[in-house]
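Novice: I'd like to ask some things about the structure below.
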Amino acid sequence: MNQAKVALVTGAGTGIGKAAAKALLKGGFNLVLAGRNLERLQKAISDIGGNDSNCLAVSCDVGKPMEVKTLFAALKDKFGRIDMLFNNAGMGAPAIPMEELTYEQWMNVVNANLCGAFLCSQEAIRMMKAQSPQGGRIINNGSISAHAPRPMSAPYTSTKHAISGLTKTIALDGRPFNITCGQIDIGNAATEMTERMANGIMQADQSIKIEPRMDVTHVGEAVLHMAQLPLESNILSMTIMATKMPFVGRG
């Protein structure tokens, strides 16, 4: 069996997930790329230079428990173990006043962002406890929204604050089993999801301003840095952001 370390990236078909997958592959990891669109995942594998021996694409809605179990069964069947999970899959809701959001819009975000990270972490922890050598690393995509909201972002901001609590709990509960957990909070990486920031986005004072963005490759490299640390060391929290975005200070 190939002795390369094995990483699972959720939401791997585009954006941050794809950039992280590319960096991890270059860093020597075998990869499982998960997401809802299998065709997009397979294209991502081709784009990052992967092949059938070092990459596996699995269609999965991380908010659905049985699909997550199927994902991890496929991972185990292909590679035998898991060394790193990057909980990256996520989504937002329309930027409308909170009282106008439907229950379905709220729950779609909760299921994708919070339940998905919980369910994938559960399965990863089960494998990490049982495998030999025991242990592994979980990295959660928190976002700047884990610290400060944008206007009209209640579902997204709530779930990202919750991810911070999940990260710390996994880091604590994983100690006896050599399982560690950290969080990467990303601000304005240049992906399809942040295109609107290049065109102008609402600020706290209700004005519309264009916000600087950064190369998403830098995020992938940061995830790789966290992933390559020996398990005796952990980056509990990392913030990587466009230097000139309006976050530090008062806007």
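Every read-out reported here was derived from the displayed coordinates using simple, explicitly stated rules and does not represent laboratory data. Every value quoted in this text rests on a predicted model; they were computed, and no experiment measured them. Positions of Cβ are generated from backbone atoms using ideal geometry, with glycine treated the same way; all protein chains shown enter the neighbour counts.
Novice: With unit charges on the beta carbon (Lys/Arg positive, Asp/Glu negative), name the residue among Val62, Ser121, Ala95 whose Cα is farthest towards the positive pole of the charge dipole of the chain.
Specialist: Ranked along the dipole, the leading option is Ser121.
Novice: OK, next. Are there GluC sites (Glu not before Pro) in segment 145-251 that DSSP marks as loop and that have at most 11 other Cβ atoms within 10 Å, and which are they?
Specialist: Those that pass, being in a loop and sparsely packed, are Glu232.
Novice: Given R₀ = 22 Å, what would the calculated FRET efficiency be for Asp215 paired with Asn37, taking r from the Cβ atoms and rounding to 0.05?
Specialist: Numbers: r = 24 Å, r/R0 = 1.09.
Efficiency, rounded to the nearest 0.05: 0.40.
Novice: Calculate for the chain the 222 nm mean residue ellipticity that helices alone would give, adding -39,500 (n - 2.57) per DSSP H run of length 4 or more and normalising by residue count, nearest 500 deg cm²/dmol. Spell out each step's value before the answer.
Specialist: On the way: 8 runs with 98 residues, N = 251.
For the chain, the value works out to -12000 deg cm²/dmol.
Novice: Additional query: For segment 1-141, what percent of Cα pairs sit more than 27 Å apart?
Specialist: Tail of P(r) above 27 Å: 19 percent of Cα pairs.
Novice: To continue, here is another question. Let me spell out the model: positive unit charges on the Cβ of Lys and Arg, negative unit charges on the Cβ of Asp and Glu, origin at the Cα centre of segment 6-241. What dipole size does that give, in debye rounded to 20?
Specialist: 500
Novice: Follow-up question, since we're still on this one. Once the Cβ-Cβ distance between Phe247 and Leu172 is put in as r, and R0 is 30 Å, what FRET efficiency do you end up with, to the nearest 0.05?
Specialist: 0.60
Novice: Once both axes come from the Cα atoms, what is the angle between helix 116-130 and the longest principal axis of the chain, in degrees from 0 to 90, rounded to 10?
Specialist: So the inclination is approximately 20 degrees.
Novice: Among the listed pairs Lys78/Lys160; Lys22/Lys43; Lys18/Lys209; Lys26/Lys78; Lys18/Lys129, which are separated by more than 21 Å between their Cα atoms?
Specialist: From the list (Lys78/Lys160; Lys22/Lys43; Lys18/Lys209; Lys26/Lys78; Lys18/Lys129), the Cα-Cα distance tops 21 Å for Lys78/Lys160; Lys18/Lys209; Lys18/Lys129.
Novice: How far is helix 154-173 tilted off the main Cα axis of the chain, in degrees rounded to 10, range 0 to 90?
Specialist: Taking Cα atoms only, the helix is inclined about 30 degrees.
Novice: Next up: Along the Cα→Cβ direction, 7 angstrom out, place labels at Met202 and Met107. What is the inter-label distance in nm?
Specialist: Reported label-point gap for Met202 and Met107 is 2.5 nm.
Novice: Hey, what did segment 118-251 get for relative contact order, percent, Cα under 8 Å, at least 6 apart?
Specialist: Details: 204 pairs, mean separation 35.0, N = 134.
Computed over segment 118-251, the figure is 26 percent.
Novice: Inverting the mean 1/r over all pairs of different Cα atoms, compute the Kirkwood radius of segment 137-251 and quote it in Å.
Specialist: The Cα-based Kirkwood calculation yields 15.1 Å.
Novice: Oh, and also: Which of Met91, Met84 has the fewest other C-beta atoms within 10 Å, and how do the rest follow up to the most? Please list the in-between numbers first.
Specialist: Details: Met91 16, Met84 24.
Arranged by neighbour count, lowest to highest, Met91, Met84 become Met91, Met84.
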